[in-house]
Amino acid sequence: MSSVRSIERARDKKAAQGATIRATLEELLIGQPALRMLTTRPLPARDAFKLSKIAKAVERELKSCDETRLKLCQQYGELNKETNKYEFPDNSQREALDKEYSELIQTEVEIPGERLKVGIIPEPISAGDLMPLHWLIED
């Protein structure tokens, strides 16, 4: 029986090494505050390490998304140097930006790592706090 368990553990470990979490950029954007909150909670070291790596990967994806959003703003708008905000003199330019950005955030990305089991999450934490992380947490 011991050899069967070690074979199963080895298989699980190998599967975990290539594991990825799929989510849209929009899901990452919505889930980012909850993910940050979860990273501050006490977790077993192994789970805290996994969560830290996932959080860093999410940050990288969202940084790239924001850089692309900025390029879209530059393409369709004009920077008001006094307010440091983009203005869109023509409503059609704003609509074009909104359309492209909406398409961008629907992009599915892969985050290296495994989804977290709900049982590792420390209490007290509400279901409402976890809802934005549906892409990260499994039953």
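The values are calculated or read from the model by the stated rules, or taken from the named source; none is laboratory data. These numbers come from a predicted model, not from an experiment. Reconstructed Cβ throughout: ideal geometry from the backbone, glycine too, with neighbour counts over all protein chains shown.
Numbers below:
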item: In the stretch 52-82, the residues that are touching a residue at least 40 places away in the same chain (Cβ under 8 Å) and more than 18 Å from residue 38 (Cα to Cα); result: 61, 65
item: Which numbered condition residue 46 fails, given (1) part of a helix (DSSP H, G or I); (2) surrounded by 12 or more Cβ atoms within 10 Å (Cβ to Cβ); result: (2)
item: Of residues in the stretch 100-138 being part of a strand (DSSP E or B), modelled with pLDDT of 90 or more and not β-branched (Val, Ile, Thr), the one surrounded by the fewest Cβ atoms within 10 Å (Cβ to Cβ); result: 108
